[in-house]
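Working notes, structure below.
Every number here is computed from the coordinates shown, using simple stated rules; none is lab data. Just so you know, these numbers come straight off a predicted model, no measurement behind them. With ideal geometry, Cβ positions are generated from the backbone for all residues, glycine too; neighbour counts draw on all protein chains shown.
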Amino acid sequence: MMENMGSRKFRRGDAVAIGILLLIALGAAFFFWLRAGRGDDRIAVITISGRVERSINLTQNTKTETFSMDAKGHTVTFSLEGDRIRFIDAQCPDKICENTGWVAEPGEAAVCLPFETSLKVYLQKEAPKN
Ligand SMILES: [Zn+2]
C-alpha cells in the first residue's frame, strides 16, 4: 500500500518535471525559431565604393576581432567586439568615421567619405547582399 502510493507520487512528480523540461525546451526552440525565421539578427555590412565587401552577423557574434580592409588603396581598420563594431583606424583626413564610435543597432552607421567606406547595421532580412 505505502509503496504503491509512494511510487505513484514519484511518477506524478516525474511527469511534472518532464513536462516542465519539455516546455522549457519547446520555449527555447520557439524562441530561436522566431529569431532565425524573422530575420531579426543584426548584420553589420561594410561597403567600399558601393560594393558589399563584408557582412558580419552581430547578433550571433561573440568574438573580439580587429581586421583591416583595403579601401581605395588605403588601409581601414575595424574593431569588432561582440555585438558591436566600429572604425578604429583610417588614414583619412577628417576621422569622422573613427569619431562616430560604435554602431550596433539597425539603422546606425559610420561612414568614411574620403575612402568611400561605409559601415552600417541592418536587420538580416533587409541587409544588402551586394
Ligand atoms: Zn574616415
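The value of relative contact order for segment 42-126, using C-alpha pairs under 8 Å at least six residues apart, is 31 percent. Translational diffusion of the chain was estimated from the Stokes-Einstein equation, with Rh taken as the Kirkwood radius over Cα pairs; at 10 °C and 1.306 mPa s the coefficient is 91 µm²/s. Compared with the direct C-alpha span, the chain from Ser79 to Lys129 gains 15.8 nm at full extension, assuming 0.36 nm per residue. Using the Cβ-Cβ distance between Ala28 and Gln60 with R0 set to 22 Å, the FRET efficiency from 1/(1 + (r/R0)^6) comes to roughly 0.90.
Extension gain, Lys72-Ala109: 0.36 nm per intervening residue step, less the Cα-Cα distance, totals 11.3 nm. In the chain, the longest principal axis of the Cα atoms and the axis of helix 2-37 are about 20 degrees apart. Panel note: the C-alpha atoms of segment 68-130, placed on their principal axes, show extents of 33, 23, 17 Å (largest first).
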